[in-house]
1. Hey, A21 hits all of (1) modelled with pLDDT of 90 or more; (2) not in a strand (DSSP E or B) but one; which does it fall short on?
2. Out of the residues in segment 37-47 that are farther than 16 Å from Y91 by Cβ and in contact with a strand residue (DSSP E or B) (Cβ under 9 Å, 6 or more places away or on another chain), which is modelled with the lowest pLDDT?
3. Given (1) in contact with a helix residue (DSSP H, G or I) (Cβ under 7 Å, 6 or more places away or on another chain); (2) modelled with pLDDT under 75; (3) more than 20 Å from L37 (Cα to Cα), identify the lone condition not met by D78.
4. Filter segment 37-60 down to residues that are in contact (Cβ under 8 Å) with a residue 24 or more places away in the chain, over 25 Å from the mean Cα position of the chain (by Cα) and assigned to a loop (DSSP other than H, G, I, E, B), then give me how many there are.
5. Here are some conditions: (1) modelled with pLDDT of 90 or more; (2) more than 19 Å from the chain's Cα centre (by Cα). Y34 meets all but one. Which one does it not meet?
6. Kindly indicate whether any position in segment 81-104 is loosely packed, with under 10 Cβ neighbours inside 10 Å and among the aromatic types (F, W, Y).
7. Does V87 satisfy being assigned by TED's automatic domain parsing to the domain that holds Y33, among the β-branched types (V, I, T) and in contact (Cβ under 8 Å) with a residue 24 or more places away in the chain?
Amino acid sequence: MRTIALLASILLITGCATYNAANNGQIASGTEYYNSLYQGQSHEQIVKDFGAPDREVSDGADGYILVYEKYYSTSRYDSMGYVDREVDKSYIQFFIDKQGICYNVMTNRLSPDQQKALAKTIGIGFGAISGLTTVGFIAILVAMITSL
């Protein structure tokens, strides 16, 4: 039994250590990522890459902001049959100066590195759950065999 508890602890610690290594603060945010790509780019290049913006608004100075938004709605039913709806918004905003050049980008989108880290973390979580399930199954088998 001690061996099984030790194996379960090792799996859990390994999963947590890998999670922390993947999220050590070295990953660029979506805002940093898009700024690195689009600061200094022209309005035309952004529209070429993203299509027509959903809207344009003033930046409060002599420029404007190209706004791209997507809304996502999810519905879940609770045990009483009531619908719980959640609406999320994904956005990216390109700040354009009076010369038509992007000087800043703001977004709540994930960078590719953040997407990879998230996928890795989810995979680690499923791996840890699978490992713990296997350890639990082995523990039950050992308990059944030793009780015979």
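The values are calculated or read from the model by the stated rules, or taken from the named source; none is laboratory data. Fair warning: this is a prediction, and the values are worked out from it, not measured in the lab. Cβ placement follows ideal geometry from the backbone for every residue including glycine, while neighbour counts extend to all protein chains displayed.
1. It is condition (1) that A21 fails.
2. From segment 37-47, those farther than 16 Å from Y91 by Cβ are 37, 39-45, 47; that's our starting set.
If we keep only those that are in contact with a strand residue (DSSP E or B) (Cβ under 9 Å, 6 or more places away or on another chain) too, we end up with 37, 39-43, 45, 47.
On the way: L37: 91, Q39: 96, G40: 96, Q41: 97, S42: 96, H43: 96, Q45: 96, V47: 96.
My answer is L37.
3. (1)
4. Total satisfying the criteria: 3.
5. Exception for Y34: condition (2).
6. Keep residues of segment 81-104 that are loosely packed, with under 10 Cβ neighbours inside 10 Å, which gives 81-87, 89.
Filter again for among the aromatic types (F, W, Y), leaving 82.
Yes: segment 81-104 contains one or more residues that are loosely packed, with under 10 Cβ neighbours inside 10 Å and among the aromatic types (F, W, Y).
7. no
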